[in-house]
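The values are calculated or read from the model by the stated rules, or taken from the named source; none is laboratory data. Model, not experiment: these values are computed from the prediction. Note that each Cβ is placed from the backbone with ideal geometry, even for glycine, and that neighbours are counted across all protein chains shown. The accessibility values were calculated without ligands, DNA or RNA, using every heavy atom of the protein model including side chains. Shrake-Rupley method; radii C 1.70, N 1.55, O 1.52, S 1.80 Å.
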Amino acid sequence: MTDKRVILSDESSGKSVELPVIQGSEGEPTLSIKGVPGELGYFTYDPGFTATASCTSTITFIDGGKGILRYRGYPIEQLAEQSTFLEVAYLLLNGELPAAAEYDEFLNDITYHTMVHEKLNTFIKGFHYDAHPMAMMAGVVGSLAAFYHEKLDMKDPAARMLAAKRMIAKMPTIAAACYRHHMGWPTSYPLNRLGFTERFLHMMFSVPAEEYEVSEVAARAFDLLFILHADHEQNASTSTVRLVGSTGANPYACVAAGISALWGPAHGGANEAVLNMLEQIGSVANIPKFVEKAKDRDDPFRLMGFGHRVYRNYDPRASIIRDAAHEVLNELGTSDPLMELAMELEQVALKDEYFIEKKLYPNVDFYSGIIYKALGIPKSMFTVMFAIARTVGWVAHWLEHCDNPTPIGRPRQVYSGPAERKYVPLSQRD
Ligand code: CMC
């Protein structure tokens, strides 16, 4: 809170209210509007929360105008270059980078919780083989509440941290199990001598008939992608987790809700949608036609992987991922015509007046699918990769909410339906 006040006056009633200005450690000043309904008798209207902060948070800072993203104060570029996913996970959960002994203990905790109850594998086998993996993930993660609910004392910070670690540890195991069910492969168990990303790739791709050695290139690329996707402050899925958490729901239920929110093509589902779009465009010659479609208000087509609610500049994650995509393709000694297509599409859009004027730039999802594809991840699993990484952000925000709870999330509405009317019995209706 600052000493600054903004006075909001209602000329018709002659009433006014002083609105305190909150200033975070960084970012824009924010008006606290809590007093408005009580003092002036109005609610405030902000569909899609485009102008409303729903909480205070110490986890992630974004300056969308400047294209800045920091986790707990550390620039994403530095973390991407020098850290590892699990170190970033520790940072997001605890607020500080770990000392060596703390890091060892954390790695140990995450490794210790990688297995899932065998009945969960039976549950997964109940899905049809071609169920979308995000639908399976939402169902299976929600069902964790049925396995761990009784033992979770939500008032105990240590129990809450344990639930958070369990979720980070089990998510790759569940993701791989969903994929293997689709492929018709037998269950693969976590090999705890491997690191987090190696273990995940091993669970995804190893088959009993052959030796499987995890590619270093793949493990490094996944670690980087997981770091970049780990948190992004109050995005739709994280806000969902916080909202569900505000009801006191079990954390597994909160994360299952986050997975559902992430699945949409306007959010994490965009990485799958980008690849579908690139395939649909097909060749560089078709780019102008699709750019025109994206600009046409009467055409629902949008450039997937472009635009962002917060960034009005290049998404810093997109440029890191674009460079990584080049590196991965080079190291694998392959090329992908979709990469050439994506780069050309980016160039055309960035020079187009429509995209310049609306400040639409490539976002995190624009190039990530090209890396996943090069590393053998099928399109339907792209958003699951996002979910594995974002689980860290979801549980970090859930923990923060539990430590410093907001009231139950309960927005108001502007009712625009019929005024009161009298019920007409069926026999008297025309
Ligand atoms: N292609 C064409 N036009 C666009 C696009 C796009 N990708 N994105 C926004 N616009 C236009 C939009 O039509 C609107 O035009 P007008 O002012 O004339 O009505 C204007 O730009 C503002 O768009 P908006 O939808 O009001 O902006 P928003 O902040 O509500 O939406 C967004 C942000 C990410 C949902 C949107 O940019 C979009 O749909 N992008 C494509 C999907 C995508 O890549 N999503 C991933 C987001 S980043 C990762 C994540 O969140 O998981």
Please state the Cα pair-distance histogram of the stretch 331-422 with 10 angstrom bins from zero: what percent is in each bin?
-> 11, 23, 22, 23, 15, 5, 1, 0
For K151, the lysines lying under 16 Å Cα to Cα, once residues fewer than eight places off in the same chain are dropped, come out as K165
On the accessible surface of the chain, probed at 1.4 Å, how many percent belong to carbon and sulfur atoms?
-> 53
Per 5 Å bin from zero, what fraction in whole % of the C-alpha pairs of the stretch 142-191 is there, up to the bin with the longest pair?
-> 4, 18, 22, 20, 15, 10, 7, 3, 0
Per-pair calculated FRET efficiency, R0 = 41 Å: H128 and R421 via Cβ, rounded to 0.05 | 0.35
Compute the acute angle (0 to 90°) between the alpha-carbon long axis of helix 382-403 and the principal axis of greatest extent of the alpha-carbon atoms of the chain; round to the nearest 10°.
-> 50
Taking only protein heavy atoms into account and a 1.4 Å probe, give the accessible area per residue of the stretch 241-325 in Å².
-> 42
Quickly estimate the mean residue ellipticity at 222 nm for the chain, helices only: each DSSP H run with n ≥ 4 gives -39500 (n - 2.57), and the total goes over all residues, rounded to 500.
-> -16500 deg cm²/dmol
GNM top mover of E39, E216, E18 - the chain, alpha-carbon springs below 10 Å | E39
Gaussian network model of the chain, Cα springs within a sub-10 Å range: biggest mean-square fluctuation belongs to which of A101, A230, A209?
-> A209
Heavy-atom accessible area per residue of the stretch 1-43, all protein chains kept, 1.4 Å probe, expressed in Å², is 76
Values of log10 I(q)/I(0), in the order q = 0.17, 0.28 Å⁻¹, for the stretch 349-399 under a Debye, Cα-only, solvent-free model = -0.71, -0.96
Tell me, what are the semi-axes, in whole angstrom and largest first, of the equivalent ellipsoid of the stretch 133-243 as set by the roots of 5 times the Cα gyration tensor eigenvalues?
-> 27, 18, 15
Kindly express, to the nearest 10 degrees and within the range 0 to 90, the angle between helix 100-112's C-alpha long axis and the longest C-alpha principal axis of the chain.
-> 80
Once normalised by the length of the chain, the mean sequence separation of its alpha carbon contacts under 8 Å that are 6 or more apart gives a contact order in percent of 19
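Report the net charge of residues surrounding P186, where surrounding means a beta-carbon distance below 12 angstrom and charges are Lys +1, Arg +1, Asp -1, Glu -1.
Net charge around P186: +2.
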Using the alpha-carbon atoms, what tilt in degrees (0 to 90, nearest 10) does helix 365-374 show relative to the longest principal axis of the chain?
-> 20
For the stretch 1-153, averaging the sequence separation of alpha carbon pairs under 8 Å that lie six or more residues apart and dividing by its residue count, the contact order in percent is 9
If you line up the Cα atoms of the stretch 275-400 on their principal axes, what length do they span on each, largest first, in Å?
-> 44, 39, 23
So for the stretch 1-99, what percent of the C-alpha to C-alpha distances run longer than 19 Å?
-> 58
Cα convex hull of the stretch 54-164: mean projected area in nm², to one decimal?
-> 10.3
Per residue, the convex hull volume that the Cα atoms of the stretch 246-322 enclose (Å³) = 148
Springs between alpha-carbon atoms under 10 Å, Gaussian network over the chain: tell me which of A294, A177, A138 tops the mean-square fluctuations.
-> A294
Solvent-free Debye scattering, log10 I(q)/I(0), computed from the Cα coordinates of the chain at q = 0.09 Å⁻¹ | -0.63
